[in-house]
C-alpha cells in the first residue's frame, strides 16, 4: 500500500513540475515575442480632405509613453492613397521606431443640384424643357457630363412623372436625385382674380425664392420700361442713371419710339440703346397701359420682337422680364379699361413668352396683392396704378430674394 501511495505522489509531483515548466516557457516566449516599443493607432482610414490628427497610444515595455513620442508622416490628405506615419521614441542613446499605415479614401457621394428645383409643373400638351442640373464631387470636381437621366414625361397625359438623375464618382460613390414633373390641364387663365397664381408654371424661367442678395445685387440692374420704371426714380429707389424709359410706351411703340436715359432724350429706340451701351443687367417692365386696349396676342407678338431684338444686339445682357403690377380694386368695378383680370392674363402670356425665349421672369406682382388678388392698400399713389414708395420697396426686396442664379 505504501509503495502505491508513493508512486501516485511521485506522478503528481512530476505533473506539477511539467506544468510549472510549461508556464515558465509560456511567459518567457511571451516576454521575448513582445516588442519593447509598441504603438496602437485608433484611426487607420481618413476621408479625403480631412485633417490628420494624432490619435494613438504608445507603450515602452508596457509603460505608457504616448506623450514622449515624436510623430512624422507623409500624408497628403487631398489625394487618395496609402501613407506612412512614423512614431519615434528615444530613451537614453537608443531610438525605437514603429511605422504604421493610414489610407485616405473618398467616402462622400457627389451632389446633384437640380436647376429650378425638384418639382416642375407644365401645362398639358406643352413641351417639357429640361431646366438643367449640375453634379459636383468633393474629389473629382464637376461630374455633370457623367450624369445619366432616366424616366419619361408624357405631356399629352395629366399626371406626375419622375425623372431620375444618377452619377457615380471614381471611388464608386453613387448619388441620385429625383425631379417630379407635374402635367396639368388647370391653366391660370381659367382662375378668378382672387385665385390666380403663376406659382409652379414654367418653373424653368419663373424665378424662385432665394436667399436675400441685398442691395449689392439689385444695384447692378438698370430698370427699363414705361412709367412703372420711372417711379423707381420718383420714389428714390434708384438714380436717373439707372433708368431707361418712356411714359406710355408699350411693346409695339417700344420698337420704334426713342427713349430717355437719365431723363435725357436719346433719339434712339430701346434696341438701338442696347446695341450701343450693352448693359450688364436689366429689369424690363412693360404693359400697364397695354392691358386696357391691346389684344394679348398682339401684345406678345411685339414684346417678343423687342426681347429678341435686344438679345441679338446685346447677347451678354441679362434681361429679366418683370410682371405687370396689379391695380387698385376700384378698376375691377369699371366696365372698360384696365383691370386685374386683364393684367393677370397678360402676365401669364408674358411668362409663357419668357419660357419660349428662355428669359427669366420676375413675378413680383404676387408680392403686391392682398387676399382678394388686387393691389394692397398703400402700395399705390392716388391714381391706384403707379406704385408708391412702399410698393416699390416691396418690388426691390422681391428682386433681391428672387435672384437669378447661373446654373
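At a glance:
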{"quantity": "Yes/no for residue 152 being assigned to a loop (DSSP other than H, G, I, E, B) and either surrounded by fewer than 17 Cβ atoms within 10 Å (Cβ to Cβ) or modelled with pLDDT under 95 (or both)", "calculated": "yes"}
{"quantity": "Which listed residue, of 225, 200, is surrounded by 15 or more Cβ atoms within 10 Å (Cβ to Cβ) and either under 22 Å from residue 126 (Cβ atoms) or free of Cβ contacts under 8 Å to residues at least 40 places away in the same chain (or both)", "calculated": "200"}
{"quantity": "Residue satisfying condition, being surrounded by fewer than 21 Cβ atoms within 10 Å (Cβ to Cβ) and over 27 Å from residue 198 (Cα atoms), within set 332, 316, 328, 341", "calculated": "316"}
{"quantity": "Among (1) crowded, with 16+ Cβ neighbours inside 10 Å; (2) within 24 Å of residue 281 (Cβ to Cβ) - the single one residue 208 does not satisfy", "calculated": "(1)"}
{"quantity": "Residue match in the range 122-133 (condition: under 19 Å from the mean Cα position of the chain (by Cα), at pLDDT 95 or above and in a loop (DSSP other than H, G, I, E, B))", "calculated": "no"}
{"quantity": "Tally, over the range 385-395, of residues that are in contact with a helix residue (DSSP H, G or I) (Cβ under 6 Å, 6 or more places away or on another chain) and either surrounded by fewer than 20 Cβ atoms within 10 Å (Cβ to Cβ) or part of a loop (DSSP other than H, G, I, E, B) (or both)", "calculated": "2"}
{"quantity": "Which numbered condition residue 378 fails, given (1) within 30 Å of the chain's Cα centre (by Cα); (2) assigned to a loop (DSSP other than H, G, I, E, B)", "calculated": "(1)"}
{"quantity": "Unmet criterion (only one of (1) in contact (Cβ under 8 Å) with a residue 24 or more places away in the chain; (2) farther than 27 Å from residue 78 by Cβ) for residue 173", "calculated": "(2)"}
{"quantity": "Among the candidates 95, 116, residue that is modelled with pLDDT under 95, over 29 Å from residue 148 (Cβ atoms) and touching a strand residue (DSSP E or B) at 6+ places or on another chain (Cβ under 9 Å)", "calculated": "95"}
{"quantity": "Subset of the range 128-144 [over 22 Å from residue 182 (Cβ atoms) and touching a residue at least 40 places away in the same chain (Cβ under 8 Å)]", "calculated": "134, 135, 138, 139"}
{"quantity": "Residue check, residue 183 modelled with pLDDT of 95 or more and either in a strand (DSSP E or B) or not assigned by TED's automatic domain parsing to the domain that holds residue 346 (or both)", "calculated": "no"}
{"quantity": "Odd one out for residue 360 among (1) within 23 Å of residue 190 (Cβ to Cβ); (2) modelled with pLDDT of 95 or more; (3) buried (at least 16 other Cβ atoms within 10 Å of the Cβ)", "calculated": "(1)"}
{"quantity": "Tally, over the range 55-87, of residues that are surrounded by 14 or more Cβ atoms within 10 Å (Cβ to Cβ) and either on the phi > 0 side of the Ramachandran plot or outside any loop (DSSP other than H, G, I, E, B) (or both)", "calculated": "11"}
{"quantity": "Residues within the range 126-141 that are touching a strand residue (DSSP E or B) at 6+ places or on another chain (Cβ under 9 Å) and closer than 30 Å to residue 187 by Cβ, tallied", "calculated": "7"}
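The values are calculated or read from the model by the stated rules, or taken from the named source; none is laboratory data. These numbers come from a predicted model, not from an experiment. Virtual Cβ from ideal backbone geometry, glycine too; neighbours counted across all protein chains shown.
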